[in-house]
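A short write-up of the structure that comes next.
Read the figures in this text as sums done on the coordinates, not as results from a lab. Remember, predicted model here, so these are calculated numbers, not experimental data. Here the Cβ is made from the backbone with ideal geometry for all residues, glycine too, and neighbour counts use every protein chain on show.
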Amino acid sequence: MSELETALHNIVIANRILAHQGVVDAYGHVSIRHPLNPERFLLSRSRSPELVEERDIMEFTLDGKVVGDDRRPPYLERFIHGGLYEARPDVNAVVHSHAEETLPFGISDVPLKPVIHVASSMGPQIPVWDIAEKFGDNTNLLVVNQDQGRDLAKRLGEGRVALMRGHGFAAAGGTIQDVVRLSVYLPVNARVLTTAMQLGGRFKPLAPGEVESRGHFNPKAPESWGAWEYWARRAGVSHLLGEMP
Ligand SMILES: [Zn+2]
């Protein structure tokens, strides 16, 4: 399989996994930086993730313009992806989700912290991006232009995830497997933390040293591939998986 074919398969797999795991519903999206041209990215036409197929994938420049004369309607919020790819050369895949479990941490002063080992890759601090800070309180909360995408990327900084106030989150990864895994476990982490706080006592987040010692994600490690394969199979797209690395 060529690099481009692999990327197209992986983007379909990622859409289906995120839908099957309840990270995205009718809305939400996932993209990959173009494997042959880092100034472009691949993203589905405007379609619910559970329904995305290979032929739905469109190509965009980092400022969110459609490449070629593809007239299919794109996602309004494609600027999230372009903004992050432009700001972060190390990022090769991006997820945007409205996962309900994360929303309380974007509208309150309680920070979302890593509390379970599988979510350690979110990093020790999760910034909250409030669109109203720069764009006023008359927006529709969606990231619909390049300025807004760039502002979100600025708030993300060198991190992995930014919460979007009253809206959802944007997550970035070096590989699509990495960002999908993070996006699956981020809402789980948020749910565990919410439950712990409801118990009424104090909670203990992962220490920065624990986050650090869990290390960086290696998509070729057997445990990483195992999760990707398992989720893909459960989502009904195992036929798109390539060879085990
Ligand atoms: Zn959104």
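Quick notes on this one:
- The set of residues in segment 25-39 that are of a type in the set (D, E, K, R) and within 16 Å of the ligand (Cβ to nearest atom) contains only ASP25.
- Selection count, segment 60-82, where residues are free of Cβ contacts under 8 Å to residues at least 60 places away in the same chain, more than 16 Å from the ligand (Cβ to nearest atom) and either more than 18 Å from the chain's Cα centre (by Cα) or part of a loop (DSSP other than H, G, I, E, B) (or both): 10
- Only a single criterion out of (1) part of a loop (DSSP other than H, G, I, E, B); (2) within 16 Å of the ligand (Cβ to nearest atom) is not satisfied by ARG202, namely (2).
- None of SER108, SER48 is among the small types (Gly, Ala, Ser), farther than 23 Å from ASP178 by Cβ and more than 16 Å from the ligand (Cβ to nearest atom) except SER108.
- Among the candidates ALA207, ALA190, the residue that is without any contact (Cβ under 8 Å) to a residue 40 or more places away in the chain and farther than 17 Å from ALA93 by Cβ is uniquely ALA207.
- A search for C-beta distances below 7 Å between a residue of segment 124-137 that is touching a residue at least 60 places away in the same chain (Cβ under 8 Å) and any residue that is buried (at least 16 other Cβ atoms within 10 Å of the Cβ) and not in a loop (DSSP other than H, G, I, E, B), counting only pairs 6+ apart in sequence or on different chains, returns PRO124/VAL211.
- Criterion (in contact (Cβ under 8 Å) with a residue 40 or more places away in the chain, farther than 25 Å from VAL110 by Cβ and either touching a strand residue (DSSP E or B) at 6+ places or on another chain (Cβ under 6 Å) or not in a helix (DSSP H, G or I) (or both)) met by exactly one of PRO245, PRO219: PRO219
For every residue, the table says whether it meets (1) on the phi < 0 side of the Ramachandran plot; (2) in contact with a Phe, Trp or Tyr (Cβ under 6 Å, 6 or more places away or on another chain); (3) β-branched (Val, Ile, Thr); (4) not in a helix (DSSP H, G or I).
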residue: GLU133; (1), (2), (3), (4): yes, no, no, no
residue: LEU141; (1), (2), (3), (4): no, no, no, yes
residue: ARG150; (1), (2), (3), (4): yes, no, no, no
residue: LYS154; (1), (2), (3), (4): yes, no, no, no
residue: GLN177; (1), (2), (3), (4): yes, yes, no, no
residue: SER183; (1), (2), (3), (4): yes, no, no, no
residue: ALA190; (1), (2), (3), (4): yes, no, no, no
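- TYR85 in contact (Cβ under 8 Å) with a residue 60 or more places away in the chain, more than 15 Å from the ligand (Cβ to nearest atom) and hydroxyl-bearing (Ser, Thr, Tyr): no
- Within segment 120-170, restricting attention to residues that are among the acidic types (Asp, Glu) and away from the ligand (no atom under 16 Å from the Cβ), the residue that is farthest from GLY209 (Cα to Cα) is ASP137.
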